[in-house]
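The values are calculated or read from the model by the stated rules, or taken from the named source; none is laboratory data. Small disclaimer: the values here were computed from a predicted structure and weren't measured. Backbone-built Cβ (ideal geometry, glycine too); neighbour counts: all protein chains shown. Ligands, DNA and RNA are stripped out before the accessible areas are found, and what is left, the full protein with its side chains, is counted by its heavy atoms. Shrake-Rupley method; radii C 1.70, N 1.55, O 1.52, S 1.80 Å.
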Protein chains: 2
Amino acid sequence: MTGTPWLDRRQMAAWVRFVAVLELLPGVLDSQLRRDSGVTHFDYFVMAVLSETPGRTLRMAELAGATNSTLSRLSHVVQRLEERGLVERFPGPGDRRVTNARLTEDGWAMMQAAAPGHVATVRRHVIDVLTPEQVDQLAAISDAMLAGIDPPGPMAAGYRRYDGPDGSGE
Amino acid sequence: MTGTPWLDRRQMAAWVRFVAVLELLPGVLDSQLRRDSGVTHFDYFVMAVLSETPGRTLRMAELAGATNSTLSRLSHVVQRLEERGLVERFPGPGDRRVTNARLTEDGWAMMQAAAPGHVATVRRHVIDVLTPEQVDQLAAISDAMLAGIDPPGPMAAGYRRYDGPDGSGE
């Protein structure tokens with residue numbers, strides 16, 4: 001354990017707590033959506049991205065970028081959603097080599113039904129346990145982390161559409 | 001999308017960024033450890049917990065609690081680590097119905113070899129991108145989230161051994 005400076009006491013206090021959040025919170029979000037709506041958090045995330053685009057449609061390659069997923073993983077997820085009638089795939093009108101994914105009316109209805117329970121979970125476990133100052137701090141902290149792991153790309157473009165607390169990023 | 005108050009603009013700014021961190025950061029930690037040390041981040045987490053106990057040994061049930069894992073998931077992970085000689089299982093000396101897991105000397109040596117690269121990754125993507133104030137803020141924010149999702153138990157006991165920035169939790 002030599003050669004690289006280990007974390008000091010305050011840094012370790014933050015890291016052990018944050019790594020517990022990384023380990024626990026995704027399971028909480030996932031469990032609620034699976035139980036109440038029969039989809040995983042990643043399924044929901046994919047549909048939420050589609051729901052915010054014009055025509056609720058994106059090229060599969062763009063959708064993979066926007067969800068930071070490989071095309072292979074995304075294809076499996078979309079196939080499952082397609083079998084349930086929540087998403088449909090079709091060739092690009094101008095270029096048939098391109099595959100588009102579109103949120104169906106059933107998918108949109110499902111999201112509207114799922115949203116209140118999901119928002120309640122996000123509020124209960126993240127937003128409402130923080131002070132308004134901490135909510136802004138979390139945005140700035142997340143921006144700083146994302147700047148290092150997420151070079152400007154589709155996912156960055158996605159979340160940067162939402163104004164930060166001070167509009168200047170980190 | 002009615003009935004539950006949706007997030008306001010500042011809350012949404014924080015949430016979309018934070019959910020991107022939840023989606024991206026575990027993959028970064030996992031990739032570095034897999035590439036450089038041949039273990040997943042969860043493998044490393046399990047071994048790190050063992051390394052900090054007396055005799056580097058815990059009952060499997062306690063280890064499951066401390067890593068917030070089901071016994072079934074943990075058994076698979078420990079079996080894999082055992083096949084590589086990094087962990088060994090043995091019956092409790094006083095109660096043979098109990099199974100203990102112990103970090104082996106090879107496991108300890110492997111952690112010492114893996115630690116510098118792992119710490120460098122944690123520093124590069126989390127600690128060093130934040131100001132000292134943000135490091136303390138992250139500890140307090142994580143504490144607030146964990147208070148709601150992690151009722152006092154082994155995992156809580158684990159991270160609470162590390163003093164928070166003000167010693168009073170959230």
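Filtered by the rule that a residue be at pLDDT below 50 and in a helix (DSSP H, G or I), the range B:118-158 gives B:PRO154, B:ALA156, B:ALA157. Those strands (runs of 3 or more DSSP E) of the range A:50-105 in which at least 1 residues are in contact with a helix residue (DSSP H, G or I) (Cβ under 7 Å, 6 or more places away or on another chain), crowded, with 16+ Cβ neighbours inside 10 Å and among the acidic types (Asp, Glu), considering only elements entirely within it, cover A:87-91.
Condition check ((1) open to solvent by less than 10 Å² (accessible area, probe 1.4 Å); (2) in a loop (DSSP other than H, G, I, E, B); (3) within 8 Å of chain B (Cβ to nearest Cβ)) across all residues:
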residue	(1), (2), (3)
A:ALA13	yes, no, yes
A:VAL19	no, no, yes
A:SER31	no, no, no
A:ARG35	no, no, no
A:VAL39	yes, yes, no
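Results for (1) closer than 25 Å to B:PHE18 by Cβ; (2) acidic (Asp, Glu); (3) touching a residue at least 24 places away in the same chain (Cβ under 8 Å), shown as yes or no for each residue.
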site: A:GLU62; (1), (2), (3): yes, yes, yes
site: A:ARG80; (1), (2), (3): no, no, yes
site: A:GLY85; (1), (2), (3): no, no, no
site: A:GLY94; (1), (2), (3): no, no, no
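Taking the range B:101-117 as the range and being away from chain A (no Cβ under 14 Å) and touching an Asp or Glu at 6+ places or on another chain (Cβ under 9 Å) as the test, the residues that pass are B:ALA101, B:ARG102, B:LEU103, B:THR104, B:GLY107.
Being more than 7 Å from chain B (Cβ to nearest Cβ) and buried (at least 16 other Cβ atoms within 10 Å of the Cβ) is the filter here; which residues of the range A:118-135 pass it? Those that are more than 7 Å from chain B (Cβ to nearest Cβ) and buried (at least 16 other Cβ atoms within 10 Å of the Cβ): A:HIS118, A:THR121, A:ARG123.
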